[in-house]
Amino acid sequence: MENMTLSRQYLETLTSADLIELADEYGIDIPEGLSRRFVIGELLEAIDEPNYSTEDDLIAVNGNVQTPIVLPKTYNETQITVILRNPAWAFVYWDLNESDYRDVIQTKSFSSFMLRVLYFSSLEDDSLTEVYDIPVRYEDSDRYILLSQAETAVRIDFAAEFKNHEPRILARSNKILIPKGCPELTSRSLSEKKAPIIELSGFSELCRSHYMNHRQSFS
Amino acid sequence: MSKKSLVIAISAHQPYIWHKEDDFLPQNEMLYSAISETYLPLLNMFSNLEADGIPFKLMMCFSPSLCALLSDSAVQGAYIEWLDKVIELGEAEIIRYAPDDMRRALAEEQLRQAKRDKYDFSETYQQDLLSKFSYYAKKGNIELMATAATNCYLPMYVDLPQAVQAQIEVGLMSHRHYFDTAPEGFWLPYMAYTPGLESIIRPYGFFYTILDAHGFLFGSPVPMKGIFSPARCFNSLAVFARDNAVAAGFEDNPELYYLKGEYRNQNRDIGFENPLEQLEGFLNKENARLSTGYKYWSNETDVIYNTAKALASASADADTFLDMKARKLAQVSEQLDNTDVSSVCCFEASFFGQKWYEGIAWLESVFRKAAERDDIELTQCSELLENKFSLQKITPFNSAASGTGYAEDLIDHSNDWMIRYVRKAVERMIDLTARFPSDSGLKERSLNLAAKEVLLAQSGDWPEMVKKQDFDLYASNRFRENVGAFTTVYDSLGSNSISTEWLTNMEREHKIFPWINYRAFSAKR
């Protein structure tokens, strides 16, 4: 089996016993009760490191491999959007119109593109409470941003930076509220006594699992 | 004496996946096993309870994609053909295991079940499972909830309210189409909530929804009765909290529940173990193995399954579950000066039968035993809302019953590339609806197809499958296909011409929502 290309297609033809043996060879621990699809997924992940073929041509495969519909790389619009992944992390994506791009890079003092993260005291109020910049490359088009839990609302601008003058804002995102209400997740707050009915509701377990999953974010 | 109510809520969903070509057998099998292992057994269980005069009450939500698949005559015919192949395989298994009494007996039992499935599906239910579920809803046994059109993670579109409205409106139309009732409850896909959603849900006539417990307990103010009583949002949409202890009990300690030694091992199917030459009809062109329904092993390593032992265990586990819930609710009621309390236990339909083979027997035992007890009462959400205007007002916290409590499974490095395309398609659809508010003829047909494709592209099933590497390439292609079809209509409207052949083919291929009205995406003002 060692010289066989371990594609999903091939793995799906193997018996479960062969899959588990293969997982053993790759040092993957498969707990009892895991589904076959999960085992295949784990194996594919383990062999996912690039292992490019030195052959001249690709190997033809039969069967129903659909030609993927090619989606455009850009919609040729200058736009930036923010959506929440969870209360601590936002996903930001942007697009840049060809003529805006040309305008920017033809300006001699152009140095780089950046994201400007702006915090506000409320959705309605435009007075800033905090602002900082994150440099991005031209080829970047999305990014995850850790939100400050001390702040209330956030907007992210896509901008071009220049050596001798102020940055030019190319696009402004929607302003979004940073969710409030999540209890403080510290070892001290976790050990604090809560009302019996809240304890019976499973509050401590919830806080503990939140602490385990999000302690680096919600602090 | 205070009332201690237990609500069992089952969400039944299937991604919109079915193809007439055999190449897609592994994908189609997901639906066939759901029918054989979950939906037919559920109906048979209801029928047993009805015949024995056992009162039973539960909540169910059927996603529009599942309804579209179950009501499609091509799918119904293909399912019967699938059962024929299962029966043929079972007959070969009996011959193969002639010298092995235990395995032959199991093969015979499972073959009898396949034959019964065929009879029940074709004769008893006349291929129309939804009508039978609807029958139990009309009798009051099932309280049906509506849900969004395509299992869409709604908080992702809260800044595009028309997109959320369209998901809710088409979901509601679908519910009326299949069940002919006005639902009081709205099931949030992934239980995903963000403040503001209530303002879009309530105007469609819904009175309540169910949230994950952390949305409730991290809300403001913290609900005084914890998760044991509904509360309401500021526009009076009532919210129930899912009792996470139930899910945690099953998921954190599966070896005490569905992975218990005596239960059937759902992963050891002969389709994954027998030599390929014994599996004719159950392989696609690439010889990908798939589940056949013949499973002979228990969860205990290399121990043959024993049906009687497993069913006895399911019955005992039902007692344990009810004892645990009754004890907890009594304790809670005492803390709250003997007021009425409730616990809402939510399950995915696939948990019963597909994930836990004996789960249906367990559920039947829960209904039978609960009917004999007076310390706990099975009920439905609407019955707990008699005094809905006296419920405590809260603002729930952002929450979901997926990922690690939010959108982590749907916005991830593996699938975040999808977001810009689906949101662009949504923005364009909203724009098209404003631009063509009252068009008819070919333009209306094209816009209806565009709306359908956008809704399908919004389904959380595609990013979830990509993230979980579960038919991930297939899911990516389906997503591209939906966005691509929408873009074709968008461009056609720009150039003022469309291929009617392409349009007709797409309408035939994606039969879901044949009654769709693209104006669901219009601004409601």
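The values are calculated or read from the model by the stated rules, or taken from the named source; none is laboratory data. Not measured: the values here are computed from a predicted model. Glycine also receives a Cβ, built like all others from the backbone with ideal geometry; neighbour counts cover every protein chain displayed.
Structure data summary
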read-out	value
Tally, over segment B:364-401, of residues that are surrounded by 20 or more Cβ atoms within 10 Å (Cβ to Cβ) and either without any contact (Cβ under 8 Å) to a residue 24 or more places away in the chain or small (Gly, Ala, Ser) (or both)	5
Qualifying positions in segment B:189-238 - more than 8 Å from chain A (Cβ to nearest Cβ), in a strand (DSSP E or B) and over 20 Å from the mean Cα position of the chain (by Cα)	B:ALA231, B:ARG232, B:ALA238
Some residue of segment B:4-13 being within 14 Å of another protein chain (Cβ to nearest Cβ) and either over 18 Å from B:GLY140 (Cβ atoms) or crowded, with 21+ Cβ neighbours inside 10 Å (or both)	yes
Tally, over segment B:370-411, of residues that are over 24 Å from A:GLY181 (Cα atoms) and either under 21 Å from the mean Cα position of the chain (by Cα) or outside any helix (DSSP H, G or I) (or both)	12
Any chance B:ALA434 is among the hydrophobic types (A, V, I, L, M, F, W, C), outside the structural domain of B:SER497 (by TED's automatic domain parsing) and touching a residue at least 60 places away in the same chain (Cβ under 8 Å)	no
The listed residue being over 20 Å from the mean Cα position of the chain (by Cα) and either away from chain A (no Cβ under 14 Å) or buried (at least 20 other Cβ atoms within 10 Å of the Cβ) (or both), out of B:LEU473, B:LEU455, B:LEU449	B:LEU449
Qualifying residue in segment B:139-148 (condition: assigned to a helix (DSSP H, G or I) and either of a type in the set (Gly, Ala, Ser) or in the same structural domain as B:PHE46 (by TED's automatic domain parsing) (or both))	no
Residue check, B:GLU348 in the same structural domain as B:MET59 (by TED's automatic domain parsing), in contact (Cβ under 8 Å) with a residue 12 or more places away in the chain, among the charged types (D, E, K, R) and touching a helix residue (DSSP H, G or I) at 6+ places or on another chain (Cβ under 6 Å)	no
In segment A:10-41, residue surrounded by the fewest Cβ atoms within 10 Å (Cβ to Cβ) [restricted to those that are among the small types (Gly, Ala, Ser) and either outside any helix (DSSP H, G or I) or touching a Pro at 6+ places or on another chain (Cβ under 7 Å) (or both)]	A:GLY27
Segment B:150-188, residues that are more than 14 Å from chain A (Cβ to nearest Cβ) and aromatic (Phe, Trp, Tyr)	B:TYR178, B:PHE179, B:PHE186, B:TRP187
Search result, residues across segment B:250-266 that are outside any helix (DSSP H, G or I) and of a type in the set (Asp, Glu)	B:GLU262
One residue from B:LEU283, B:LEU329 being touching a residue at least 60 places away in the same chain (Cβ under 8 Å), part of a helix (DSSP H, G or I) and touching a Ser or Thr at 6+ places or on another chain (Cβ under 9 Å)	B:LEU329
Of residues in segment B:24-60 being crowded, with 22+ Cβ neighbours inside 10 Å and among the polar types (S, T, N, Q), the one modelled with the lowest pLDDT	B:ASN28
Subset of segment B:320-353 [among the basic types (Lys, Arg) and within 22 Å of B:LEU211 (Cβ to Cβ)]	B:LYS325, B:LYS328
Residues of segment A:140-175 that turn out to be closer than 23 Å to A:ASN76 by Cα, assigned to a loop (DSSP other than H, G, I, E, B) and more than 14 Å from chain B (Cβ to nearest Cβ), as a count	1
